[in-house]
Amino acid sequence: MPFHRVAEMQDVKDLYSPTFLKQVTGEYVKIGVVTLAVGEEPPPHYHPNEEQFNYILQGRIRMYLGGEVQVVEPGDLVHIPRGTRHGMKILAGPMVFLNVKSPIGGGPLSSDYNEAPDAHEIRRLLGHD
């Protein structure tokens, strides 16, 4: 069905956090509405096979992306190229964002997840430790 009412979609459990999200998978792209409470941030990671776009709808985060740290707020659009390490710390929640990934069409949004080898350092830069 080409029409999806997010409020009526079933929650899907994310693989790498306590988060539940609403997701639709197409042939070449997957899209989801992700809601994270303060403290539910996934560990810093990267996606070797897919690029990602996040459009921020609600909340405020400090985000690490490929060596740069920025504060991201509603109305911001973040592009995460394939293979780029990224992570976040929620500053004001809940954090709600539209997540779009391509080219992988199947599986959950986090199926191409690989923990960053320097995850501890990224978490420190974000203010987790």
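What follows is calculated from the coordinates using simple rules that are stated; it is not laboratory data. Just so you know, these numbers come straight off a predicted model, no measurement behind them. Note that we place each Cβ from the backbone using ideal geometry, even for glycine, and neighbour counts take in every protein chain shown.
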Label PHE20 and ALA37 with points 7 Å out from Cα along Cα→Cβ: what is the distance between them in nm? 1.2 nm
Through the Karplus equation 6.51 cos²θ - 1.76 cosθ + 1.60, θ set to phi - 60°, convert the phi angles of segment 41-52 into ³J(HN,Hα) values in whole Hz; use x for Gly and Pro. 5, x, x, x, 7, 8, 10, x, 10, 9, 8, 9
For ASN49, other-chain or 5+-apart residues with amide H closer than 5 Å (H placed, Pro excluded) are GLY83
Fully extended, how many nm does the chain gain between GLU73 and LEU57 (0.36 nm per residue separation, minus their Cα-Cα distance)? 5.0 nm
Please give the calculated 222 nm ellipticity per residue for the chain, where each DSSP H segment of at least 4 residues contributes -39500 (n - 2.57) and the sum is spread over every residue; nearest 500 deg cm²/dmol? -1500 deg cm²/dmol
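Can you figure out the FRET efficiency of HIS120 with ASP11, using R₀ = 35 Å and their beta-carbon distance, to the nearest 0.05? Can you show the working numbers first?
On the way: r = 30 Å, r/R0 = 0.87.
Calculated value: 0.70.
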Amide H neighbours of ASP76 under 5 Å, at least 5 residues apart or on other chains, H built in the peptide plane: list them. ILE56
Gain in length, ASN49 to ALA92, computed as 0.36 nm per residue apart minus the alpha-carbon separation, to one decimal in nm? 12.4 nm
